[in-house]
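First the structure, in the form of structure tokens, and then the observations on it.
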Amino acid sequence: MPNLKDIAKETGLGLGTVSRALSGAPRVSPATRRKVMEAAQRLGYQSNGLARALRQSQSHSVGLVIPDLENEFYTSGAAILQDVLATQGYRLLLCCSNGDPETDAALLMSLVERRVDGIAHTPCGPDGARSIRRLNPTLPIVEYARRSELDSVDSVTGDERGGSAEIVEHLARLGHRSIAMIAGPPALSTTVARTEGFEEACRRLRLRKRDCPRLSGTYDASWGEEATLRILREHPDVTAIYASSSRMALGVLRTLHRLGVGVPGDMSVAGFLNPLWYEVAGPPLTTYELPLKDMGDMAARLLLQRITETTGDALPEPRTVRFEGRLITRESTARPRTAPLASGVLTP
């Protein structure tokens, strides 16, 4: 099998330069790295990444654990993280927990065993990465999009609370006094923040609590469908539904369409985040958009900073970065209906 000396001879470069180029070290020019990689491919060179990581105590790889591969927010964020990390010679190892805390913990442990240099983590419970933090107190960890109860890790999140409040304020300006919120699992930081924003805005605008129901479930379309049916039948005076995730919003629109409830004529609908399909929904959806690119870029750069800085055994002061978003008003929200919904819609 060809080795580093063969590649050095082929390229006319030193062994150290060849080694750094193949390992993904950041201080190698793109032209040199390309020359080395092309020579390695011609010669049929195969590196042993794990052995190299053991020798160098650095793998030039970063783990990312997200809860959902079908959610555009997380997959788009993963692509942004990968692009930023690649410019510095790091590879991204993507894992999906499916929102299960046990799977989440197992994936985190697997990444530690693979000697990743850092982890970007979207926690699916309050414990977050507590289990591996005990084993490796100084491993760089950045929580992305959600927060856990850990106070020793960095975090990059969006202004979930402010976004929810802006949705309510927008609907109230249109004249809505009975607004329902479909929320996610109560244990998640995103649910807590979005719910707090909803409730605070309702209090500030003097909207009665009994007129503004909040239903908590899961961040998926099936819960959006179930919650919409409950709202229509248990809270018939509601004139606007705020679905606090894109998957829920899909379930809401699907159910309203099936029952013949017009949007926004019979029911205004607002979502959260801004996947591309919001723009082409029938009608296009009002929402609160978070700056996904900026959040992913910051998470990657913060993680790289923690990996490269010298701290010894001491943990750096954790940093919390929260990005504001923007309200996007589209045709799915309008003034509230003036007549009750058709009786057939409300029949169980």
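Descriptive notes on the structure:
- The chain: calculated mean residue ellipticity at 222 nm from DSSP helix runs of at least 4, using -39500 (n - 2.57): -13500 deg cm²/dmol
- In this calculation the C-beta distance from MET109 to ALA342 is compared with R0 = 51 Å, giving a FRET efficiency of 0.40.
- Magnitude of the charge dipole for segment 184-240, about its Cα centre and with charges confined to Cβ atoms of Lys, Arg (+1) and Asp, Glu (-1), is about 360 debye.
- Each label point was placed 7 Å from the Cα along the Cα-to-Cβ direction; for THR308 and ARG27 their separation is 1.1 nm.
- Cα shape, the chain, gyration tensor, a/c 1.5 rule: prolate
- Qualifying lysines (Cα of each under 26 Å from Cα of LYS9; at least 8 residues distant if same chain): LYS35
- Taking the average, over residues, of other Cβ atoms within 10 Å as the packing measure, peptides 273-282, 103-112 rank 103-112, 273-282 from highest down.
- Taking the C-alpha atoms only, the angle from helix 72-87 to the longest principal axis of the chain is near 20 degrees.
- Taking 0.36 nm per residue of sequence separation and removing the Cα-Cα distance, the LEU94/ARG204 pair yields an extension gain of 35.4 nm.
- Packing-based exposure ordering (other Cβ within 10 Å, fewest first) of PHE272, PHE323: PHE323, PHE272
- Ranked list, fewest to most other Cβ atoms within 10 Å of each Cβ, for ILE132, ILE241: ILE132, ILE241
- Aspartates and glutamates with Cα under 19 Å of LYS5, excluding same-chain neighbours fewer than 8 positions away: GLU38
- Using C-alpha pairs below 8 Å separated by at least 6 residues, the relative contact order for the chain is 16 percent.
- Charged-residue dipole, Cβ positions (Lys, Arg, Asp, Glu), the chain about Cα centre, Debye nearest 20: 500
- Here the chain carries DSSP beta bridges of which approximately 10% are antiparallel, counting only pairs with both residues inside.
- Segment ARG326-ASP294, extension gain: residue separation times 0.36 nm, minus the distance between their alpha carbons: 10.2 nm
- Other-chain or far-sequence residues with amide H under 5 Å of SER244's (modelled H): ILE182
- Ranked THR286, THR191, criterion: other C-beta atoms within 10 Å, fewest first: THR191, THR286
- Working note: Karplus 6.51/-1.76/1.60 with θ = phi - 60° gives segment 335-343 the couplings 4, x, 5, 9, 10, x, 5, 4, 4 Hz, where Gly and Pro are set to x.
- Kirkwood Rh (inverse of mean 1/r, distinct Cα pairs), segment 242-281, angstrom: 10.3
- Here the extension length gained between GLU102 and GLU234 equals 44.0 nm, from 0.36 nm per residue of separation less the Cα-Cα distance.
- Spin-label pair ALA79-TRP277: with each label point 7 Å from Cα along the Cα-Cβ axis, the two points sit 1.6 nm from one another.
Here, each number is a calculation from the coordinates, and none is a lab measurement. Worth saying up front: this structure is predicted, and the values here are computed from it rather than measured. So basically every Cβ, Gly included, is an ideal-geometry build from the backbone, and we count neighbours across all protein chains shown.
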